Amino acid sequence: MKRPVHIAGRGLLCAGGDSPEAVAAALWDGACPPGRRRLGEREFPYFALPLAEADWLARAEQAVRCTAAQLGPLAAETPLFIASSSFQIGHFEQRGAPFELPAASASFSHQLGDWMGLNGPRYSFSNACIAGFSALDAARSLIAGGLLNQAVVLGVELANHSTLAGFAAMELLSRSACRPFDAGRDGLVLGEAVAAVHLSAAPARWRIAGLRTGLDGYSTTGPDPAGGPIASAAVDCLQEAKITAADIDLVKLQAAGSPGTDLAEANALRRVFAQRMPPLLSLKSAIGHTLGASGIAELVALLACLDAEHIPATAGFSRVDPEIALFPMVDRSNAHIERALLNLIGFGGGLASLIVERSR
Amino acid sequence: MIYLNAVLSQQFAPAQLPGAVRAAIGKPLRRASGLTQLALVGALASLPAECRDLPTALLWQSTSGLRQETLTLLDEVCNGAAEPMPYDFLATQPAIAAAQLQAFLPGLQSATQTPLEQAGTANWSLLLSLAGLWLAEGRYAQILCAHLDSTPEAAHGHWLLLGATPLEKAPARLQIDTSPQPDAVPDSPDFPARLADWLHQASPPTLSLHSPAAPRLALEFARL
């Protein structure tokens, strides 16, 4: 048994706005500048949620409830699949020493379920930047196999010092801006997001045509520069969708402005698409790299753009890198997109490719 | 048909883990957390050498996760005088275990980690259901499912190897059964140890796994 799996509902709160439509409009207008976040003597650009609440837990509750409300009414027993890199570490930072971590590392998921109004089965995923698509893959596999009829996949990444300090210590952050595929790119800009999709076996406007995760053990912090494993994940995804590279109308890139990973992704794209490169778009320069939430947040933002037929230009790109020799969209487009490929590349060699397609 | 090809439960004192790694791969594993070392030792013990190139996925769960590493990072970030050491941040990322494993399991194509939200419970019903579906559709030749916990007191690893074809000594087959049996065993971290106990007994002919938290994900093992 393998049933089609559809995206029946969406919710998003990120620096770009408090609904998918608001985020799409802000992306179209190019109106998403980052704020700043201080770390000791250093300061970095950062895409924060538009929430003023100072208490970490209260702010998290506000963000999750805002996103849940956008999904509309759901049966309380709907299974919930949660993706996050940092869960509630910001809460522990705020409470300070002694740090009383719970015995189970995903204990926060129970709280997230309560805020979502869901008391059914809950599963948590923590695969760094591909966590969102790992959770999506699990949920859609169970629906496709007839073991579930619906599920909610939630991506949550909220501000904390540990993540910012960790990325800063590894010298992975830009001090100025995220510049995807640009010759002057010098690192990531982090951000926050809470995003959700409601998956269903019942027909809806978009369906998941293919989803594959992969693994690139070249190093624990970066992919093979030649892009072979990234390309393999994308090709596996195309095969599952039973389409060819020529059928892809748009690629939502991982492209976070990392010197090494952007190059690896570009080399992978050349392997997959050769001379027929579709339009390329990065959203991370407009809403930040939201890590464990990025898969779901960027999926929701992209679908809102495609529904409006308002595909934004890629912020932060101005100069082609001769080594990359590809450039993301620099002009806005009203193109009608039938199928899009979305790439994720994460710490620990995690790779994921997703193809979404309009239902017929 | 989905086959259970190996069942393994391991326990180490933390001080024994580096030695177990050296015994398995002939050298220490550089900059590896206890969880990564536990994953490597268990994966190699579960997978015969001739199977390590086959398309493989790893689905693993953990209760405590990288708790000690997270405490170290929190202390550095909140109480330290400077930014944390880069490796201390990397060590809090469970995803890096897979990249370190792939050097020894060339067929490893995907790894998914599910942290658990309550001590004493587990996601075996989820991992085995996914494994069953993915093997049936031909996505992988074999799937390693594991529960791993490495604490200052002890390191525990419980493993099940499932395959689309039976190995020579495959003890059981697995099927997804959406109607839970009343005598099903609960979804607990040490489920493979219970499964091994059942395999050593003459009866009953089948063993069901069912988590009350996930009523639609029930599984049944039957001896070969």
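The values are calculated or read from the model by the stated rules, or taken from the named source; none is laboratory data. Note that this is a predicted model, so its numbers are computed, not measured. Backbone-built Cβ (ideal geometry, glycine too); neighbour counts: all protein chains shown.
Descriptive notes on the structure:
- Test: residue in the stretch A:99-111 that is surrounded by fewer than 19 Cβ atoms within 10 Å (Cβ to Cβ), out of contact with any strand residue (DSSP E or B) (no Cβ under 6 Å at 6 or more places or on another chain) and closer than 30 Å to residue A:175 by Cβ: yes
- Scanning the stretch A:78-101 for residues that are facing chain B (nearest Cβ under 10 Å), assigned to a loop (DSSP other than H, G, I, E, B) and under 28 Å from residue A:141 (Cα atoms) turns up A:79, A:84, A:85, A:86, A:87.
- Residues satisfying the stated conditions in the stretch B:187-206, i.e. in contact (Cβ under 8 Å) with a residue 24 or more places away in the chain, among the aliphatic types (A, V, I, L, M) and out of contact with any Pro (no Cβ under 8 Å at 6 or more places or on another chain): B:193, B:195, B:196
- Every listed requirement among (1) in contact with a Ser or Thr (Cβ under 9 Å, 6 or more places away or on another chain); (2) at the interface with another protein chain (Cβ under 7 Å from one of its Cβ atoms); (3) not aromatic (Phe, Trp, Tyr) is met by residue B:79 save one, (1).
- Residue in the stretch A:148-158 that is facing chain B (nearest Cβ under 7 Å), over 20 Å from the mean Cα position of the chain (by Cα) and buried (at least 20 other Cβ atoms within 10 Å of the Cβ) present: yes
- In the stretch B:91-114, the residues that are over 12 Å from residue A:128 (Cα atoms), within 7 Å of chain A (Cβ to nearest Cβ) and not in a helix (DSSP H, G or I): B:103, B:108, B:109, B:110
- A residue that is assigned to a strand (DSSP E or B) and either over 22 Å from residue A:333 (Cα atoms) or within 14 Å of another protein chain (Cβ to nearest Cβ) (or both) can be found somewhere in the stretch A:215-228.
- Among (1) assigned to a helix (DSSP H, G or I); (2) touching a Ser or Thr at 6+ places or on another chain (Cβ under 7 Å); (3) within 11 Å of another protein chain (Cβ to nearest Cβ); (4) not aromatic (Phe, Trp, Tyr), the one test that residue B:72 misses: (2)
- If the condition is being over 14 Å from residue A:188 (Cβ atoms) and more than 14 Å from every other protein chain (Cβ to nearest Cβ), then the stretch A:34-50 contributes A:35, A:36, A:48, A:49, A:50.
- Failed criterion for residue B:39 (all others in (1) crowded, with 23+ Cβ neighbours inside 10 Å; (2) part of a loop (DSSP other than H, G, I, E, B); (3) of a type outside the set (Val, Ile, Thr); (4) more than 9 Å from chain A (Cβ to nearest Cβ) hold): (2)
- Residue B:198 within 12 Å of chain A (Cβ to nearest Cβ), at pLDDT 95 or above, surrounded by 17 or more Cβ atoms within 10 Å (Cβ to Cβ) and assigned to a helix (DSSP H, G or I): no
- Taking the criterion of being more than 7 Å from every other protein chain (Cβ to nearest Cβ) and surrounded by fewer than 23 Cβ atoms within 10 Å (Cβ to Cβ), the residues of the stretch A:114-142 that qualify are A:114, A:115, A:117, A:118, A:119, A:120.
- Considering residues of the stretch A:19-45 that are out of contact with any strand residue (DSSP E or B) (no Cβ under 8 Å at 6 or more places or on another chain) and acidic (Asp, Glu) only, the residue nearest to residue A:150 (Cα to Cα): A:21
- Selection of the stretch B:1-34 for residues being over 24 Å from residue B:153 (Cβ atoms), more than 16 Å from the chain's Cα centre (by Cα) and not aliphatic (A, V, I, L, M) yields B:3, B:26, B:27, B:30.
- Residue A:109 of a type outside the set (Lys, Arg), within 17 Å of residue A:56 (Cβ to Cβ) and within 7 Å of chain B (Cβ to nearest Cβ): yes
- Filter pass, residue B:214 being of a type in the set (A, V, I, L, M) and assigned to a loop (DSSP other than H, G, I, E, B): yes
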